[in-house]
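Remarks on the structure that follows.
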Amino acid sequence: MNASPLGTIAGVVVPGDGRGRELGFPTANLALDHGDLPEDGIYAAWVRIDDDPLSWASSVSVGANPTFDGDRARRVEVHLHDADIDLYGRRLAVTLVARLRPTLRFDGVDALIAQTADDVTRCRVLLAAGAQVRP
């Protein structure tokens, strides 16, 4: 995994499907400032909210969420660790630190929840170990 930043994604938080919260991992869905996205996958990231200098440890999904049916566009979903904040309408700057894995299609919700829990744990370890000095 790359320890240097992989780039920054920025945008305003908009309503999504609400599925992340239902699964126990609430996410902020971004309407992007520009269309450039990194490779689909799960990333460890540091996130800044609006102009606040504080950075939040986060797990980020880039892709179309293939586990769920329907024609789904690529999207960016950000899960802030240990935070319960109303982010609708707020601007996030997401600095990607490491790509954990590609986007996968799971056979069911239970497998997705288990993998997401593992992804969050791996992100926590990477970020706590200083995968990048906070931006």
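Read-outs: derived from the displayed coordinates by stated rules, not from any lab. Just so it is clear, the structure is predicted and the values come from calculations on it, not from any experiment. Cβ: placed from backbone, ideal geometry, glycine included. Neighbour counts: every protein chain shown.
Odds and ends about this structure:
- Residue-span extension gain [Asp107 to Arg74] - 0.36 nm each, minus C-alpha spacing: 9.9 nm
- 3J(HN,Hα) from dihedral phi, the stretch 120-129, Karplus parametrisation 6.51/-1.76/1.60, rounded to Hz, x for glycine, proline: 4, 4, 5, 4, 4, 4, 4, 5, 5, 7
- By average C-beta atoms within 10 angstrom, highest first, the peptides 120-129, 44-53: 44-53, 120-129
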